[in-house]
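Participant: If you scroll down you'll find the structure; I have some questions about it.
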Amino acid sequence: MFTRKALLETAFLVGLRARLDPDPLDGDYALLMRQVQDITSRPSYRELIARDEAALLLYAGTYAALKLCGHDDPQFRHIIQQASAGGYATVFERIPYRQLDLLHTLEMCQIGNSLPTVDQVLPLTLLCNRPNVTKLADRDIYAITHTVFYATDFGLREPRWPVGTSLGEIVELLEALLVLTRARKDADLVGEVLCCLLCLGVKEADSVGQAWDFLASVQEKDGRVNGPPGIVHTQITEGDSDYQSWATGYHTTIVAALAGILHRSPRTCNPQRAVAPPGPCTVPTDTIHRAVEWLCRTSVHHPPETGLPAAAASAYGATAIGDPRLARPALVHFATELTDADQGLWQKHGMEIVGEFAAGLRTLGITCPSLDRFLKAISDIISSLTEVPPQAAANVHRLTGLGLLAPERATALTARKTPQSNSPEQNASLLPGLIKTYDLSRIASVVRDLVTAGWGEHRITRDAVAFLTAQQNPNGAFGYPARDDLATRDRAQLSWTQSIVTALAELGNFNS
């Protein structure tokens, strides 16, 4: 099965070269075609079709490539037609993109059928149903790329997209997938997604240039492009090193070559469409409103160790949606309880939590003497310094926001350049893995980082936010712990909700 698939893909590359490039096949392509002809002429290959109808596509696609290159083979065609008409090979259940594969292959073979058309199958595909990009597994990405290949006939036709399907959204999805696959250094998927953009006429975009740069950086001197780990079963790669090198790299190398053909082809017909820029990532105000109310109700039943961070998050969220009084119950509770608290308690929580809690108190005119003493001591220490570490800059500016440090002094103290953190691409690439492990707090942290980096309108950020907001319970809490112990559930939801509220509030875009 593996070698027959490899033969098909090699033949298909040559066939597509013949379709997309008006020049005659050159030496390398002609050599590959002769090899395909030699193998397909053997009874030991072609007669397997009649014995394994379920694998029809492996043979029909190879025959189609021969036909496209002007090497029709009537006997080969006869066996394929028999299998096609046999009442099984074309009618057993296939997922939508595999059905498109069948329809496209039969079209290339010019073999008639009574199957549903491409236009009828396309609305059922993953591609045309607005998938959440952060949830897509490799198999899903392959389903998306192959849908584009067959629907557009590799750029040679413009499909009739289903009503409500926007070509701009499809391009945006593909460009988001390029971000994720490049960050994972998966040359196979980068090449496939690049081919899709080229099939849609997108040749000059920055995303295309970045994909080409990546493929060039991983290509070996002899032209080979290595495939991702696990793409070939380990038993196939045992033994001969030349065969191992071919088996683990042939598919990705073919994909890279296919991208080159598509990029150069004068025949691809789909122009890049002008698309409106995406709008800001918005969150319903009610989502944060209900979460803040839950944090207030729940935090007061916890000791300051766990309750104070939740109260601070409720203050931050309430302020973000313009209703700071929502957080008043939790703020009053902890301000009263901690009136005479030891300074070590505030120190243990850190300035991000303490600063947000203090800001919430100031907004509502609530006092907490022990907190005021702590902040005064911290501001005195900071004022005596000549500079602070770059990672402390945000906390210094929090003191400014609380009126405890002059703005010009804060600017002087934080003049050192902030250390470089992960790039947005690297942060975005973490999301699919975090979603699989249901690590809601880290997902929220990544969303905050993406927003800070200017990616608040990016498709990946919008889809990550959509995932987070979909985890809200009717009571306002976020997350589903899948545990029966009430204390365990409460602690998990408290941690998740305060993290998610803070991340959503960071977006600053709300609607009613």
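Participant: Return a yes/no flag: does segment 83-96 have any residue that is part of a helix (DSSP H, G or I), in contact with a Leu (Cβ under 8 Å, 6 or more places away or on another chain) and within 23 Å of Leu127 (Cα to Cα).
Facilitator: Yes.
Participant: For the list (1) without any contact (Cβ under 8 Å) to a residue 24 or more places away in the chain; (2) open to solvent by less than 40 Å² (accessible area, probe 1.4 Å), I need the number of the one condition that Gly322 fails.
Facilitator: That leaves (2) as the condition not met.
Participant: Being within 18 Å of Arg130 (Cα to Cα), among the small types (Gly, Ala, Ser), part of a loop (DSSP other than H, G, I, E, B) and in contact with a helix residue (DSSP H, G or I) (Cβ under 9 Å, 6 or more places away or on another chain): is that true of Gly227 here?
Facilitator: For Gly227, the condition - within 18 Å of Arg130 (Cα to Cα), among the small types (Gly, Ala, Ser), part of a loop (DSSP other than H, G, I, E, B) and in contact with a helix residue (DSSP H, G or I) (Cβ under 9 Å, 6 or more places away or on another chain) - is not met.
Participant: In addition: Considering every residue within segment 46-54, establish whether at least one is open to solvent by less than 40 Å² (accessible area, probe 1.4 Å), within 21 Å of Phe2 (Cα to Cα) and at pLDDT below 95.
Facilitator: Checked against the condition, which is being open to solvent by less than 40 Å² (accessible area, probe 1.4 Å), within 21 Å of Phe2 (Cα to Cα) and at pLDDT below 95, segment 46-54 yields at least one hit.
Participant: Sticking with this structure for a sec: In the list Ala464, Ala492, Ala477, which residue meets the criterion of being in contact with a Ser or Thr (Cβ under 6 Å, 6 or more places away or on another chain) and more than 12 Å from Ile288 (Cα to Cα)?
Facilitator: The unique qualifying residue is Ala464.
Participant: Could you grab the pairs with beta carbons closer than 7 Å, sequence gap of 6+ or different chains, first residue in segment 114-131 and over 9 Å from Gln99 (Cα atoms) and in contact (Cβ under 8 Å) with a residue 24 or more places away in the chain, second one among the charged types (D, E, K, R) and assigned to a loop (DSSP other than H, G, I, E, B)?
Facilitator: Asp119/Arg160
Participant: For segment 371-385, which positions are farther than 30 Å from His333 by Cβ and in a helix (DSSP H, G or I)?
Facilitator: Listed by number, the list holds a single entry, Ser383.
Participant: Any chance segment 161-177 includes a residue that's surrounded by 22 or more Cβ atoms within 10 Å (Cβ to Cβ) and within 23 Å of Thr253 (Cβ to Cβ)?
Facilitator: yes
Participant: If Asp38 satisfies every condition in (1) of a type in the set (Asp, Glu); (2) farther than 14 Å from Leu8 by Cα; (3) at pLDDT 95 or above but one, which is the exception?
Facilitator: (2) is the only condition that Asp38 fails.
Participant: List the pairs whose first member sits in segment 388-409 and is under 21 Å from Leu361 (Cα atoms), whose second member is hydrophobic (A, V, I, L, M, F, W, C) and in a loop (DSSP other than H, G, I, E, B), and whose Cβ atoms are under 8 Å apart, counting only residues at least 6 apart or on separate chains?
Facilitator: Taking only residues 6 or more apart or on different chains, the pairs are Val396/Val388; Val396/Leu405; Leu399/Leu405; Thr400/Ala406.
Participant: Name every residue in segment 68-83 that is open to solvent by less than 20 Å² (accessible area, probe 1.4 Å) and either charged (D, E, K, R) or over 30 Å from Leu25 (Cα atoms) (or both), in order of residue number.
Facilitator: Ala83
Participant: Given the conditions (1) small (Gly, Ala, Ser); (2) crowded, with 16+ Cβ neighbours inside 10 Å; (3) at pLDDT below 95, report the number of the one that Gly350 does not fulfil.
Facilitator: Tallying (1) small (Gly, Ala, Ser); (2) crowded, with 16+ Cβ neighbours inside 10 Å; (3) at pLDDT below 95, Gly350 fails exactly one: (2).
Participant: Under 7 Å by Cβ, and 6 or more places apart or on different chains, what pairs join a residue from segment 17-35 that is open to solvent by 50 Å² or more (accessible area, probe 1.4 Å) with one that is among the hydroxyl-bearing types (Ser, Thr, Tyr) and in a helix (DSSP H, G or I)?
Facilitator: Leu32/Thr10
Participant: Could you list, in sequence order, the residues of segment 223-254 that are at pLDDT below 95 and charged (D, E, K, R)?
Facilitator: Those that are at pLDDT below 95 and charged (D, E, K, R): Glu238, Asp240, Asp242.
Participant: Under 8 Å between Cβ atoms, which residue pairs at least 6 apart in sequence (or on different chains) link something in segment 155-171 that is part of a loop (DSSP other than H, G, I, E, B) with a partner that is surrounded by 15 or more Cβ atoms within 10 Å (Cβ to Cβ) and among the charged types (D, E, K, R)?
Facilitator: Pairs found: Leu156/Arg19.
Participant: Sticking with this structure for a sec: Residues that are farther than 21 Å from Ser265 by Cβ and either of a type outside the set (D, E, K, R) or open to solvent by 10 Å² or more (accessible area, probe 1.4 Å) (or both): does segment 187-197 have at least one?
Facilitator: Yes - at least one qualifying residue is present in segment 187-197.
Participant: Taking the condition of a type in the set (S, T, N, Q), outside any loop (DSSP other than H, G, I, E, B), open to solvent by 10 Å² or more (accessible area, probe 1.4 Å) and in contact with a Leu (Cβ under 6 Å, 6 or more places away or on another chain), does Thr105 pass?
Facilitator: yes
The values are calculated or read from the model by the stated rules, or taken from the named source; none is laboratory data. Because the structure is predicted, anything quoted here is derived from the model rather than measured. Cβ sites come from the backbone with ideal geometry, for glycine too, and all protein chains shown count toward neighbours. SASA here: full protein model, heavy atoms, side chains in, ligands and nucleic acids out. Shrake-Rupley method; radii C 1.70, N 1.55, O 1.52, S 1.80 Å.
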